[in-house]
Amino acid sequence: MSSWVWFVVALVVVDLAVVVTWFALRHRSAAAAVNREPGHAVDAETRTEVFALVGEHRTAEAMALLRRRTGMPLREAKDTVDAMTDSARKSRHHGAVSSRADHPGAA
C-alpha cells in the first residue's frame, strides 16, 4: 500500500480513539452526577448573601462566594447558583401573580 493509505488509516484509528474516549468520559461524568452524594453544605449566612447577589444579577460573584466559602468545584457552584436563580424567578413570578389576585381591580 502507498504511504497516504497508511496515513488515512492512522487518522481513522486516532479519530476512533478520541470518540471512544469522549463517550467514556461523558458516561462516567453523567454517572457521577447521578450517584453524587449531597454537595457541600451552605450555611444560612452564605445562602442569604448568594440570594442577594443573584437578586442583583451578579451570578459570577455569587459563584465565587460559594466556592470561597464552601470549597465547591466550579460546576457545582454554577448549578447551585442556577437553582437559586430559578427559585428567585419563580418566587418573584408567584409574588406578582398573587399581588394581582389580591387586587382584582388592578390590571
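The values are calculated or read from the model by the stated rules, or taken from the named source; none is laboratory data. For clarity, every value in this text was computed on a predicted model and none was experimentally measured. Ideal geometry is used to build each Cβ from the backbone, glycine not excepted, and the neighbour counts take in all protein chains shown. Please note that ligands, DNA and RNA were not included when accessible areas were found on the heavy atoms of the full protein model with its side chains. Shrake-Rupley method; radii C 1.70, N 1.55, O 1.52, S 1.80 Å.
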Output the residues belonging to the range 21-43 that are open to solvent by less than 90 Å² (accessible area, probe 1.4 Å), more than 19 Å from the chain's Cα centre (by Cα) and either at pLDDT 90 or above or not aliphatic (A, V, I, L, M) (or both).
Thr21, Asp43
Reported set for the range 60-78 where residues are open to solvent by 60 Å² or more (accessible area, probe 1.4 Å) and either under 16 Å from Arg89 (Cβ atoms) or not in a helix (DSSP H, G or I) (or both) is Pro73
